[in-house]
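Below is one structure, written out as structure tokens; comments come after it.
The values are calculated or read from the model by the stated rules, or taken from the named source; none is laboratory data. The shown structure was predicted, so the numbers you read here are calculated from the model rather than taken from an experiment. No Cβ is skipped: glycine too gets one built from the backbone with ideal geometry, and neighbour counts run over all protein chains shown. With ligands, DNA and RNA removed, areas are computed over all heavy atoms of the protein, side chains included. Shrake-Rupley method; radii C 1.70, N 1.55, O 1.52, S 1.80 Å.
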Amino acid sequence: MPLGLPDVRVEEVQRTQTLMAATVSTHWQLQGCPDCGVSAPSRGRRRRVLHDVPHGDVRVRVVWRQRVWRCPDPACPRGSFVEQVPGLVTPRGSITGRAITWAIGQLRGEHATIAGLARRLGVSWWALWRLVRSELEHLAANESRFAGVRSLGVDEHIWHHGDQCTKGPK
Ligand SMILES: [Zn+2]
């Protein structure tokens, strides 16, 4: 099954009846310290488990072997720092960006509930709602910017989705 994850390569995929776990990492490249630019030696990896879009009833986890570096300059305040892949997940997120996009599509088009989607992703209601709300606010801001004089229609649109999204856990 092609994973189609942006900016990473798949090292290994493990599957059971109910769960698929894909281990991913980026290609190596020389990394400079974000503060001082000195070339930074590797400090190994850290495993981040991310919740991804389910395939039917199969839950999907992305195990990201996130790179860690340390600035070698003792005078630099940076210390160690971790790799970021914005196309995959936000710096401290546990749900992939595309899973959040998927959840919003389900809410808008499929009349799904946050509770149902959280169950399918294997996350808590609040964990999903917090991310979906922030993404909806972001989308609403963009829509208002582009909609101009049609702001009333945009407001109704947002309220409609707000109603659907605020359905709490059963
Ligand atoms: Zn530095």
Worksheet entry | Using distinct alpha-carbon pairs, which all enter the 1/r mean, Kirkwood radius of segment 25-73 in Å | 12.8 Å
Item to complete: In nm, give the distance between the simple-model label positions of C76 and R92, each being 7 Å from the Cα along the Cα-to-Cβ direction.
Response: 2.4 nm
Practice prompt. Would you mind computing, in nm to one decimal, how far apart the modelled labels at C36 and R65 are, each placed 7 Å from Cα along Cα→Cβ?
Written response: 3.0 nm
Fill in: Mean separation of Cα contacts under 8 Å (6+ apart) over length of segment 1-85, as relative contact order %
26 percent
Worksheet item: Counting only heavy atoms of protein chains, what accessible area per residue, in Å², does segment 1-85 have with a probe of 1.4 Å?
Response: 60 Å²
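Please give me, ordered by residue number, the trypsin sites (Lys or Arg not before Pro) of segment 44-103 that lie in loop per DSSP and have at most 11 other Cβ atoms within 10 Å.
R92
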Item to complete: Note down, for segment 1-85, the three equivalent ellipsoid semi-axes (square root of 5 times each alpha carbon gyration tensor eigenvalue), biggest first, whole angstrom.
Response: 33, 11, 9
Worksheet item: For segment 1-76, which chymotrypsin sites (Phe, Trp or Tyr not before Pro) are in a loop by DSSP, counting at most 15 other Cβ atoms within 10 Å?
Response: W28
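With the full set of protein chains in place, find how many percent of the accessible area of segment 1-85 is carbon and sulfur; take the probe as 1.4 Å.
48 percent
Tell me the carbon and sulfur percent of the accessible area for segment 95-140, rounded to whole percent, probe radius 1.4 Å.
Result for segment 95-140: 54 percent of the exposed heavy-atom area is carbon or sulfur.
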Discussion item. Below 8 Å between Cα atoms, with a sequence gap of 6+, how large is the relative contact order for segment 58-154 in percent?
Written reply: 17 percent
Discussion item. Taking 30 Å as R0, compute the FRET efficiency from the Cβ-Cβ separation of S134 and H27 and round it to 0.05.
Written reply: 0.50
